[in-house]
Amino acid sequence: MVRNSFSRRSHCIAWFVLVSITASASGDDRLRVHEWGTFTALQEGAGRALAGINIDDEPVPSFVHNLNPSIIVKPHAAAEYHWRHQMKGAPQRHPYVTMRLETPVLYFYPPASETKPFDVSVGVTIRGGWLTEFYPAAEADPPGSGRGQFKFDNLTSETLGRLAWRKVTVGTAPPGPETDAHVWTTPRTVQAAQLTVPGKQGDEHEKFLFYRGVGNIDVPLRVSTNEADDTLSLHAQCGAALLAGQTAPVPALWLVDIRRDGALAFRSLPSLTLSADRQQVLATVRRSFPDADYSEGNREHLEVQMHAALVAEGLFADEATAMLGTWQRAYFQSAGLRIFFLVPRVWTDFILPLAISRPADIERVMIARVELVSPQQRALLKKLSVTAVSDQQWLKQASQSPNATAFFAGRSDFGDLGVAIPDDYRTYLELGRFRNALVLAEELSRPTPQLRQFIKAYGLSAFRP
């Protein structure tokens, strides 16, 4: 099969018998399964994961199955205000959600000897989380559910969320459902086999199996900040039980800072090998960048490096292109300081065990994204903590604007709302994707009357199980 070249753009699943998912020497007559996805976390200065990041600023199409639309909430307070009538019981800013599992997709490549469609079963489990959205249809086993209601208070490091696709027919013809959502159409550009899965309303078709969720999980790298000397220290977060004597190499890492004007600076960091020692400093790197390092053109240079690393880890070139293509808005255009790194396969297989019902060569390539609290965000939090709290009447006027839909969807290019956004709320918006978690963490560590009043006025209090 000809591949596209790069463009710019241990817990068993009881539903069926597990087979080995260890990738072996590949032959032309074996099923090949490739998976890519991302893990996202938010860490404060000491490297502690901040909770309450169960938000969604990149919604998937409405045909995607959802355990409960209230699990993943809108990206800012005004959006929740606007949609609250649809979000009854929502666990806004859930105090146990410390990681987002974002957009894993599974592609299937039939063996050369398979000339007709064939069936496989697929199962995935997340240790310490919920698998909340998926397509095509799957059998979901959300822990803590009962009588059709999802119980939001049952999320710990011991939680096991499961999905099972009992019959995936590989090599069918019908295309997937119509959509113009970039986050969905981009993964379709890969030259993998078409899939069909039976659903309650009939067969569902797609180029890949998709799922995502949230967890009470630490990503395998902790990043602590030394403000005095402007450095970042990297520590492992794996544990002896997870590693079980295996090595956990991190072959590629990038420190990236994106300004609000879109200018980007980045540097590649030295490769690492994670250990069970959480206190060991694996590397120390400079946090800030000189002004001369920022350029919009750096985005392409970063993507080229990431693409090469993804292919080196086992993805096909068009898969790596699709993976990077889905990130354009949230990862490469949204302002913030973050570290990207290739996740060790041993960590992925432990946290996210996968089962395929026939022998297969499997590649699983995941990237973790650790959002760090930047100096700019610190300054914004300080400003918000002393700014007078606005009257929320402006939200009613904003709701009547032709641009209201874009604003309440969390888009930054929403245009003119026909009403001035108050200073306190504009500062809050500038905090970025995880603004809610940042405001709540700031109020806990450095409380002020203004912060408390802002949280109360805009309904930002954390969900209490």
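The values are calculated or read from the model by the stated rules, or taken from the named source; none is laboratory data. Being a predicted model, the structure only gives us computed values, none of them experimental. A quick note on method: Cβ atoms are made from the backbone with ideal geometry, for glycine too, and the neighbour counts reach across all protein chains shown.
Within segment 196-250, track down each residue that is among the hydroxyl-bearing types (Ser, Thr, Tyr) and on the phi > 0 side of the Ramachandran plot. Spell out the reasoning first.
Step one: filter segment 196-250 for residues among the hydroxyl-bearing types (Ser, Thr, Tyr), giving 196, 211, 224-225, 231, 233, 247.
Once the filter is applied, which keeps residues that are among the hydroxyl-bearing types (Ser, Thr, Tyr) and on the phi > 0 side of the Ramachandran plot, segment 196-250 yields nothing.
Considering only residues of segment 199-222 that are more than 30 Å from Gln280 (Cα to Cα) and among the basic types (Lys, Arg), which is surrounded by the fewest Cβ atoms within 10 Å (Cβ to Cβ)?
Initially, segment 199-222 is screened for residues more than 30 Å from Gln280 (Cα to Cα), giving 199-213.
Applying the additional criterion that residues be among the basic types (Lys, Arg) yields 200, 207, 212.
Values: Lys200: 7, Lys207: 21, Arg212: 22.
Residue satisfying both the conditions and the ranking: Lys200.
Rundown of residues vs (1) crowded, with 20+ Cβ neighbours inside 10 Å; (2) among the β-branched types (Val, Ile, Thr), yes/no style:
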| residue | (1), (2) |
| --- | --- |
| Thr98 | yes, yes |
| Ser113 | no, no |
| Val124 | yes, yes |
| Arg127 | no, no |
| Pro136 | yes, no |
| Asp141 | no, no |
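Grab the strands (runs of 3 or more DSSP E) fully contained in segment 235-349, keeping just those with 1 or more residues being at pLDDT 95 or above, within 24 Å of Gly432 (Cα to Cα) and more than 21 Å from the chain's Cα centre (by Cα).
Numbers: elements: 248-250, 253-258, 264-269, 272-274, 281-286, 336-342.
In segment 235-349, the matching strands (runs of 3 or more DSSP E) lie at 264-269, 281-286.
So, in segment 437-459, exactly how many residues are touching an Asp or Glu at 6+ places or on another chain (Cβ under 9 Å) and surrounded by 22 or more Cβ atoms within 10 Å (Cβ to Cβ)?
Number satisfying all stated conditions: 4.
Tell me the residue from Ala322, Ala308 that is in contact with a Phe, Trp or Tyr (Cβ under 9 Å, 6 or more places away or on another chain), crowded, with 21+ Cβ neighbours inside 10 Å and assigned by TED's automatic domain parsing to the domain that holds Glu363, please. Reasoning before the result, please.
Working: Ala308 fails: crowded, with 21+ Cβ neighbours inside 10 Å.
Only one candidate qualifies: Ala322.
Kindly indicate which of Asp218, Asp229, Asp203 is over 23 Å from the mean Cα position of the chain (by Cα) and closer than 30 Å to Arg278 by Cα.
Numbers: Asp218 fails: over 23 Å from the mean Cα position of the chain (by Cα); Asp203 fails: closer than 30 Å to Arg278 by Cα.
None of the others qualify; the one that does is Asp229.
Of the residues in segment 175-195, how many are under 17 Å from His34 (Cα atoms) and either outside any helix (DSSP H, G or I) or in contact with an Asp or Glu (Cβ under 6 Å, 6 or more places away or on another chain) (or both)?
Total meeting the criteria: 6.
Scan segment 390-427 residue by residue and report those that are in contact with a Phe, Trp or Tyr (Cβ under 9 Å, 6 or more places away or on another chain), more than 18 Å from Gln333 (Cα to Cα), not acidic (Asp, Glu) and not in a loop (DSSP other than H, G, I, E, B).
Just the residues of segment 390-427 that are in contact with a Phe, Trp or Tyr (Cβ under 9 Å, 6 or more places away or on another chain), to begin with: 390, 392, 394-395, 398-399, 401, 403-408, 414-415, 417, 419-422, 424-425.
Now drop any that are not more than 18 Å from Gln333 (Cα to Cα), which leaves 390, 392, 394-395, 398-399, 401, 403-405, 408, 417, 419-422, 424-425.
Add one more test, that the residue is not acidic (Asp, Glu), and what stays is 390, 392, 394-395, 398-399, 401, 403-405, 408, 417, 419-422, 425.
Residues satisfying the conditions are Trp394, Leu395, Ala398, Ser399, Ala404, Thr405, Phe408, Tyr425.
Can you tell me how many residues within segment 196-234 are closer than 21 Å to Met366 by Cβ, not hydroxyl-bearing (Ser, Thr, Tyr) and not in a loop (DSSP other than H, G, I, E, B)? Please lay out each step first, then the result.
First, the residues of segment 196-234 that are closer than 21 Å to Met366 by Cβ: 206-223, 234.
Of the ones still in play, those that are also not hydroxyl-bearing (Ser, Thr, Tyr) are 206-210, 212-223, 234.
Right, trim to not in a loop (DSSP other than H, G, I, E, B) and you get 206, 209-210, 212-215, 221-223, 234.
Qualifying residue count for the region: 11.
Can you tell me which residues in segment 210-229 are out of contact with any helix residue (DSSP H, G or I) (no Cβ under 9 Å at 6 or more places or on another chain) and of a type outside the set (A, V, I, L, M)?
Residues of segment 210-229 that are out of contact with any helix residue (DSSP H, G or I) (no Cβ under 9 Å at 6 or more places or on another chain), as a first pass: 211-214, 216, 218, 221-226, 228-229.
Result: Tyr211, Arg212, Gly213, Asn216, Asp218, Arg222, Ser224, Thr225, Asn226, Asp229.
Kindly provide the set of residues from segment 154-182 that are surrounded by 20 or more Cβ atoms within 10 Å (Cβ to Cβ) and touching a Ser or Thr at 6+ places or on another chain (Cβ under 6 Å), ordered by number.
If the condition is that a residue be surrounded by 20 or more Cβ atoms within 10 Å (Cβ to Cβ) and touching a Ser or Thr at 6+ places or on another chain (Cβ under 6 Å), then Arg162 is the only one that fits.
Conditions (1) out of contact with any Lys or Arg (no Cβ under 7 Å at 6 or more places or on another chain); (2) among the aromatic types (Phe, Trp, Tyr); (3) within 23 Å of Thr185 (Cα to Cα), marked per residue:
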site: Phe332; (1), (2), (3): no, yes, yes
site: Pro375; (1), (2), (3): yes, no, no
site: Ser385; (1), (2), (3): no, no, no
site: Gln393; (1), (2), (3): yes, no, no
